[in-house]
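Okay, so here's the structure we're looking at.
The values are calculated or read from the model by the stated rules, or taken from the named source; none is laboratory data. In this text, all values refer to a predicted model and were calculated from it rather than measured experimentally. Cβ placement follows ideal geometry from the backbone for every residue including glycine, while neighbour counts extend to all protein chains displayed. The area values use the complete protein model at the heavy-atom level, side chains included, leaving out ligands, DNA and RNA. Shrake-Rupley method; radii C 1.70, N 1.55, O 1.52, S 1.80 Å.
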Amino acid sequence: MTATIPLVDYLVLGDQPHLEAHECEACGARFFDRRNACAHCSGTTFRPAAIPTEGEVRAFTIVAFAAPGIDVPYVAAVVDCAGTSVRANLINVAPDPEHVHLGMKVRLATYPVGADSDGTEAIGFGFEPIS
Ligand SMILES: [Zn+2]
């Protein structure tokens with residue numbers, strides 16, 4: 001079996017891959033990056049919070065130009081997962097305005113990004129349409 005590691009540390013792999021945020025114990029604000037203090041209330045204690053894997057597209061941009069090696073066009077989006085905003089790319093959808101729209105229902109999907117020389121596979125995530 002191939003070993004896998006998540007591309008970002010807030011992606012939790014396993015039978016049911018999901019995102020995990022740091023939730024401020026004082027005010028409930030959620031952050032995906034590591035913080036010393038809450039940006040909302042300056043609280044300094046956080047607990048892990050599993051983010052629902054289904055959500056709705058709240059904003060998106062079709063990216064037509066990117067650094068060499070990155071396939072374009074692709075869709076960069078903000079997905080609202082039951083109140084938590086997640087920035088991610090939309091995958092498994094044609095990157096054009098006919099197929100992507102605000103309010104579209106999407107779910108978390110993972111995909112292999114590449115393997116290192118030991119064969120450890122990195123896993124990235126995006127959101128795909130719920131059909
Ligand atoms: Zn807070």
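Looking at (1) surrounded by fewer than 15 Cβ atoms within 10 Å (Cβ to Cβ); (2) within 30 Å of Asp116 (Cβ to Cβ), which one does Asn89 not meet, given that it meets all the others?
Among (1) surrounded by fewer than 15 Cβ atoms within 10 Å (Cβ to Cβ); (2) within 30 Å of Asp116 (Cβ to Cβ), Asn89 violates only (1).
What is the one condition in (1) within 9 Å of the ligand (Cβ to nearest atom); (2) under 24 Å from Gly124 (Cβ atoms) that Pro48 does not satisfy?
Only one criterion is unmet by Pro48, namely (1).
Where in the stretch 55-131 are there strands (runs of 3 or more DSSP E), lying wholly inside it, with at least 3 residues that are closer than 17 Å to Leu13 by Cα and at pLDDT 95 or above? Walk me through how you get there before you give the answer.
Values: elements: 74-81, 84-90, 105-115, 121-129.
Because the criterion is at least 3 residues that are closer than 17 Å to Leu13 by Cα and at pLDDT 95 or above, the strands (runs of 3 or more DSSP E) in the stretch 55-131 that meet it are 105-115, 121-129.
Kindly establish whether Asp96 is open to solvent by less than 50 Å² (accessible area, probe 1.4 Å), among the charged types (D, E, K, R), more than 16 Å from the ligand (Cβ to nearest atom) and closer than 12 Å to Phe127 by Cα.
Values: open to solvent by less than 50 Å² (accessible area, probe 1.4 Å): yes; among the charged types (D, E, K, R): yes; more than 16 Å from the ligand (Cβ to nearest atom): yes; closer than 12 Å to Phe127 by Cα: no.
So Asp96 fails the test.
So, in the stretch 65-80, exactly how many residues are open to solvent by less than 70 Å² (accessible area, probe 1.4 Å), within 14 Å of Leu90 (Cα to Cα) and free of Cβ contacts under 8 Å to residues at least 40 places away in the same chain? Before you say what the answer is, go through the steps one by one.
Restricting attention to the stretch 65-80, the residues satisfying the condition of being open to solvent by less than 70 Å² (accessible area, probe 1.4 Å) are 66-67, 72-80.
Those left that are additionally within 14 Å of Leu90 (Cα to Cα): 72-80.
Among the residues that remain, those that are also free of Cβ contacts under 8 Å to residues at least 40 places away in the same chain are: 72-76, 78, 80.
Qualifying residue count, the stretch 65-80: 7.
Filter the stretch 14-26 down to the residues that are farther than 16 Å from Ala82 by Cα and open to solvent by less than 70 Å² (accessible area, probe 1.4 Å), then identify the one that is nearest to the ligand (Cβ to nearest atom).
At the first step, the residues of the stretch 14-26 found to be farther than 16 Å from Ala82 by Cα are 14-17, 24-26.
Filter again for open to solvent by less than 70 Å² (accessible area, probe 1.4 Å), leaving 14, 17, 24.
Working: Gly14: 28, Pro17: 27, Cys24: 3 Å.
For the stretch 14-26, the residue satisfying everything is Cys24.
Of the numbered conditions (1) within 15 Å of the ligand (Cβ to nearest atom); (2) part of a loop (DSSP other than H, G, I, E, B); (3) over 15 Å from the mean Cα position of the chain (by Cα); (4) exposed (fewer than 12 other Cβ atoms within 10 Å of the Cβ), Asp33 satisfies every one except a single condition; which is it?
(3)
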